[in-house]
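Remarks on the structure that follows.
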Number of protein chains: 2
Amino acid sequence: MASSGSPEKHAGANEVSDRTAQVAARLKQIYKKYVYPVEKKYQYDFFFESPFLSDVEFDAKPQVLLVGQYSVGKTSFIRYLLGRDFPGQRIGPEPTTDRFTVLLNGPEERTIPGNALSVHPDLPFKGLERFGVNFLSRLEGSQLSSSVLRSVTLVDTPGILSGEKQRTNRGYDFTKVVAWFAEKADLIILLFDAHKLDISDELKGAIDVLKGHEDKIRCILNKADQIDRQQLMRVYGALLWSLGKTMSSPEVARVYVGSFWQEPLKSMDNAALFEMEERDLMKDLAVLPRQSAVRKINELVKRIRKVKTLAYIIGHLKSQMPTLMGKEKKQQKLIQDLPNVFRSILKKYNLAAGDFPEIQSFAAKLQEVKFQELAPLNQKYIDDLERVLTDEIPQLMSQLPSERDSPETLRNKMTSPENMPIPKAAGK
Amino acid sequence: MASSGSPEKHAGANEVSDRTAQVAARLKQIYKKYVYPVEKKYQYDFFFESPFLSDVEFDAKPQVLLVGQYSVGKTSFIRYLLGRDFPGQRIGPEPTTDRFTVLLNGPEERTIPGNALSVHPDLPFKGLERFGVNFLSRLEGSQLSSSVLRSVTLVDTPGILSGEKQRTNRGYDFTKVVAWFAEKADLIILLFDAHKLDISDELKGAIDVLKGHEDKIRCILNKADQIDRQQLMRVYGALLWSLGKTMSSPEVARVYVGSFWQEPLKSMDNAALFEMEERDLMKDLAVLPRQSAVRKINELVKRIRKVKTLAYIIGHLKSQMPTLMGKEKKQQKLIQDLPNVFRSILKKYNLAAGDFPEIQSFAAKLQEVKFQELAPLNQKYIDDLERVLTDEIPQLMSQLPSERDSPETLRNKMTSPENMPIPKAAGK
Ligand SMILES: Nc1ncnc2c1ncn2[C@@H]1O[C@H](COP(=O)(O)OP(=O)(O)OP(=O)(O)O)[C@@H](O)[C@H]1O
Ligand SMILES: Nc1ncnc2c1ncn2[C@@H]1O[C@H](COP(=O)(O)OP(=O)(O)OP(=O)(O)O)[C@@H](O)[C@H]1O
Ligand SMILES: [Mg+2]
Ligand SMILES: [Mg+2]
């Protein structure tokens with residue numbers, strides 16, 4: 001491996017994000033060329049109640065959502081990750097960030113108004129209109145050219161306020177908006193301030209908002225260099241204790257301890273620990289592109305298997321129709337006999353039961369169509385899908401950066417010299 | 001204050017345990033001379049369903065119970081506290097301690113069989129016979145002369161085994177025995193091994209056993225010098241997370257991190273932290289004698305107020321009885337009118353409602369006695385009790401080592417040079 005800070009290493013990192021981007025692009029091609037036509041032909045969207053996939057679902061970068069009480073250092077953390085200021089950035093000791101800020105990679109440096117963001121066809125933020133104009137005026141894109149943002153999209157949020165203030169002051173439903181982003185996120189980073197931790201209130205608010213997404217949550221106990229080691233143990237313990245009480249998951253929540261900004265540590269007491277923690281966190285971030293690519297592949301594979309099964313079913317029903325008379329009667333008979341129809345198709349084509357549509361609702365949908373108008377089985381379609389599953393997908397998988405290389409490589413990018421203008425050292 | 005290790009300091013510490021012992025002795029005197037005669041006269045034991053106090057309730061030292069999985073270092077911790085080996089001590093890497101061991105201060109060094117321990121009139125271990133002869137053969141006293149044991153009684157226990165083994169192997173009900181000791185204990189120390197922590201199982205067993213005594217529990221994460229700092233944070237976090245899930249109390253459990261035996265630390269990484277933790281733990285132990293003395297005083301005060309109230313009630317009932325005829329009728333009338341009787345006594349003597357007996361069961365008890373046989377009010381008794389409350393008790397309180405001095409002073413004893421044969425330093 002290249003030694004620390006060498007140019008090769010950095011090139012390797014960019015190559016990783018390029019390679020995952022290439023995989024995503026190829027997936028999109030496959031979908032458009034081989035899957036979408038079959039879906040269209042056999043009305044997948046109607047029968048499986050699942051809309052056709054749009055470009056953005058392939059192109060979207062993994063999203064990292066930052067959540068926490070005000071002033072815990074969310075915005076500073078992002079600045080630190082990027083290694084530079086970003087358009088619209090505001091950092092300060094009072095509640096500062098007053099809008100949801102989406103950090104995107106792009107050639108020119110600029111902010112993008114919430115309105116524009118929520119209608120942009122290439123970005124996964126459609127649906128945010130539903131939270132109203134008050135909210136859209138508190139939504140902003142921040143575009144800049146950044147190697148980190150080539151891999152992930154970061155979402156900064158206004159600090160959580162305690163209890164009542166939360167609900168009354170904002171003019172939109174903060175909790176629902178965070179829940180919307182949490183749903184889309186690949187990773188949720190929940191920040192706490194070791195220096196002034198009011199756990200009960202703080203945590204309840206945050207965990208309420210993130211309910212159901214516990215598996216995506218990682219915690220940061222920030223500003224940990226501001227207190228002595230014994231205090232840190234107390235605070236850290238108190239946080240874990242409360243997390244244990246609040247979170248429903250059985251696995252221990254991962255809490256990264258450190259000081260995640262560009263300034264030197266206030267004391268070197270825990271410098272070695274903090275460095276290890278930061279390294280681990282960076283790994284967690286670095287695996288996201290690969291993880292998200294793997295997830296996209298898996299979802300497409302599942303979808304293709306269902307599409308194939310649907311093609312067989314529809315083709316079979318079509319083939320059973322008489323040429324001249326008794327069409328209506330035959331259709332009703334087939335619908336009544338659907339369990340047997342499914343069984344025989346499953347056997348004949350060696351399919352999996354899990355890939356079949358739910359039989360009740362499928363039968364209901366069949367009532368709405370005329371079987372003689374259905375498309376006949378087209379072996380070409382099936383052959384193409386088969387080939388995608390057996391050749392193209394495995395090949396794509398092998399093109400992904402390997403699981404073992406990627407964290408290290410990408411971590412190097414995340415903490416490459418360009419991103420760390422001031423090397424960490426003892427302050428004061 | 002005397003400087004570290006000076007003889008004065010040590011003398012001061014012994015003085016503290018002497019002073020609390022003196023306070024306990026004086027309490028016992030007061031009880032015997034002024035309280036017990038009144039209790040006897042007005043049948044306190046019968047009316048309040050509370051037996052007369054015995055000497056052991058005044059003399060008993062605060063008890064510290066050690067609980068934990070086998071091999072976590074319970075026995076080694078005791079050895080470390082005492083600064084020396086004790087009779088019957090067994091330390092080893094497999095499940096070693098096979099009996100409940102009560103460590104007592106005494107002039108000669110010897111073990112005391114469980115049978116003898118459980119019938120000893122001066123020791124608070126009566127009641128242990130109920131767990132059967134199998135158990136008594138697994139109970140042992142260990143007597144030695146020790147400044148630590150002048151302040152507290154330590155109870156070592158066999159290691160908790162996982163699940164099934166627990167129930168089947170012992171020949172007595174381990175859980176119930178631990179619960180018995182936990183009930184009597186002033187402090188319960190729950191030990192964990194940082195080096196091999198299998199939390200789920202381990203904790204469930206321990207917490208099940210200690211249910212209802214959460215407020216007395218302190219935890220030790222022992223052998224913490226055997227792992228590196230990041231691992232330690234993980235283990236410590238995982239422990240707090242699980243404690244949060246398992247314990248019902250809202251306050252964070254206190255977990256002392258360190259290596260609590262006489263050997264040098266394996267690495268000096270956390271030496272400063274461990275030392276602070278140990279100091280805090282020693283403070284927790286050092287305040288026990290004072291805490292227990294204060295508790296004894298408070299309990300006696302509560303009791304005296306009740307005794308006084310009872311004397312007034314009984315005296316009043318007696319005074320209402322006719323000299324010649326109609327006694328039975330008058331008694332029934334008084335019992336029926338008990339609420340008004342209570343009210344008028346409360347007013348007349350300026351008593352507190354909380355010091356009155358529960359009215360229903362008191363009325364039932366009155367049915368069992370003959371009012372004409374009750375004792376009349378004796379103002380001398382009341383005056384004595386009054387004087388105890390207003391003069392003697394406040395004076396006793398002032399004789400207790402002050403809250404601010406005592407932890408430091410006593411801690412010094414707990415960690416005085418004589419108790420630390422080998423000074424801690426980096427090993428290997
Ligand atoms: N690691 C750190 N150590 C010490 N101070 C920090 C650290 N990170 C940020 N700060 C300081 O804390 C304050 C709040 O920082 P920042 O604005 O980034 O927090 P925030 O979580 O984004 O707050 P808000 O929710 O109000 O937007 C600022 O004064 C910043 O300089
Ligand atoms: N602080 C420590 N650091 C490292 N090793 C320790 C420490 N304390 C004890 N040990 C070792 O751990 C082993 C178990 O110790 P010990 O017998 O005191 O545990 P225990 O909890 O009393 O076990 P049991 O429940 O079986 O009686 C012994 O080999 C002992 O030397
Ligand atoms: Mg901010
Ligand atoms: Mg032992």
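Would you call A:Val67 more than 14 Å from chain B (Cβ to nearest Cβ), within 20 Å of A:Asp186 (Cβ to Cβ), open to solvent by less than 20 Å² (accessible area, probe 1.4 Å) and more than 16 Å from ligand 4 (Cβ to nearest atom)? Here the answer is yes, as A:Val67 does meet what is asked.
Give the residues of region B:232-252 that are more than 7 Å from chain A (Cβ to nearest Cβ) and of a type outside the set (S, T, N, Q), sorted by residue number. Selection gives B:Leu232, B:Arg234, B:Val235, B:Leu239, B:Met247, B:Pro250, B:Glu251. Scanning region B:319-357 for residues that are buried (at least 17 other Cβ atoms within 10 Å of the Cβ) and not in a helix (DSSP H, G or I) yields B:Met321, B:Leu351, B:Phe356, B:Pro357.
Scanning region A:63-88 for residues that are of a type in the set (A, V, I, L, M, F, W, C) and within 12 Å of ligand 3 (Cβ to nearest atom) gives A:Leu66, A:Val67, A:Val72, A:Phe77, A:Ile78, A:Phe86.
Among the residues of region B:204-216, those that are within 14 Å of chain A (Cβ to nearest Cβ) and open to solvent by 10 Å² or more (accessible area, probe 1.4 Å) comprise B:Lys204, B:Glu214.
Results for (1) open to solvent by 20 Å² or more (accessible area, probe 1.4 Å); (2) within 16 Å of ligand 3 (Cβ to nearest atom); (3) in contact with a Phe, Trp or Tyr (Cβ under 7 Å, 6 or more places away or on another chain); (4) not β-branched (Val, Ile, Thr), shown as yes or no for each residue.
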{"residue": "A:Arg90", "(1), (2), (3), (4)": "yes, yes, no, yes"}
{"residue": "A:Leu103", "(1), (2), (3), (4)": "no, yes, yes, yes"}
{"residue": "A:Gly106", "(1), (2), (3), (4)": "no, no, no, yes"}
{"residue": "A:Thr111", "(1), (2), (3), (4)": "yes, yes, no, no"}
{"residue": "A:Asn115", "(1), (2), (3), (4)": "yes, no, no, yes"}
{"residue": "A:Leu123", "(1), (2), (3), (4)": "yes, no, no, yes"}
{"residue": "A:Lys126", "(1), (2), (3), (4)": "yes, no, no, yes"}
{"residue": "A:Leu139", "(1), (2), (3), (4)": "no, yes, yes, yes"}
{"residue": "A:Ser146", "(1), (2), (3), (4)": "no, no, no, yes"}
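Testing A:Gln29 on (1) closer than 30 Å to A:Lys318 by Cα; (2) open to solvent by less than 40 Å² (accessible area, probe 1.4 Å), one condition comes back false. Which one is that? Tallying (1) closer than 30 Å to A:Lys318 by Cα; (2) open to solvent by less than 40 Å² (accessible area, probe 1.4 Å), A:Gln29 fails exactly one: (2). One residue stands out among those in region B:259-310 that are open to solvent by less than 40 Å² (accessible area, probe 1.4 Å) and part of a loop (DSSP other than H, G, I, E, B): the one that is nearest to the other protein chains (Cβ to nearest Cβ), which is B:Asn270.
Within region A:385-416, the residues that satisfy the criterion of being buried (at least 20 other Cβ atoms within 10 Å of the Cβ) and at pLDDT 85 or above are A:Val388, A:Leu396.
Among the strands (runs of 3 or more DSSP E) confined to region B:63-164, the ones with at least 3 residues that are more than 16 Å from ligand 2 (Cβ to nearest atom) and over 28 Å from B:Leu197 (Cβ atoms) are located at B:110-113, B:139-144.
What do you reckon, is B:Leu161 at pLDDT below 90 and in contact with a Pro (Cβ under 9 Å, 6 or more places away or on another chain)? Yes; evaluated as a whole, the condition is true for this residue.
Here the condition is being in contact with a Leu (Cβ under 6 Å, 6 or more places away or on another chain) and away from chain A (no Cβ under 14 Å); of B:Ala185, B:Ala224, it holds for B:Ala185 alone.
The values are calculated or read from the model by the stated rules, or taken from the named source; none is laboratory data. Just so you know, these numbers come straight off a predicted model, no measurement behind them. FYI the Cβ positions are ideal-geometry reconstructions off the backbone, even for glycines, and counts take in every protein chain you see. To get the accessible areas, we keep the full protein, side chains included, count just its heavy atoms, and leave off ligands, DNA and RNA. Shrake-Rupley method; radii C 1.70, N 1.55, O 1.52, S 1.80 Å.
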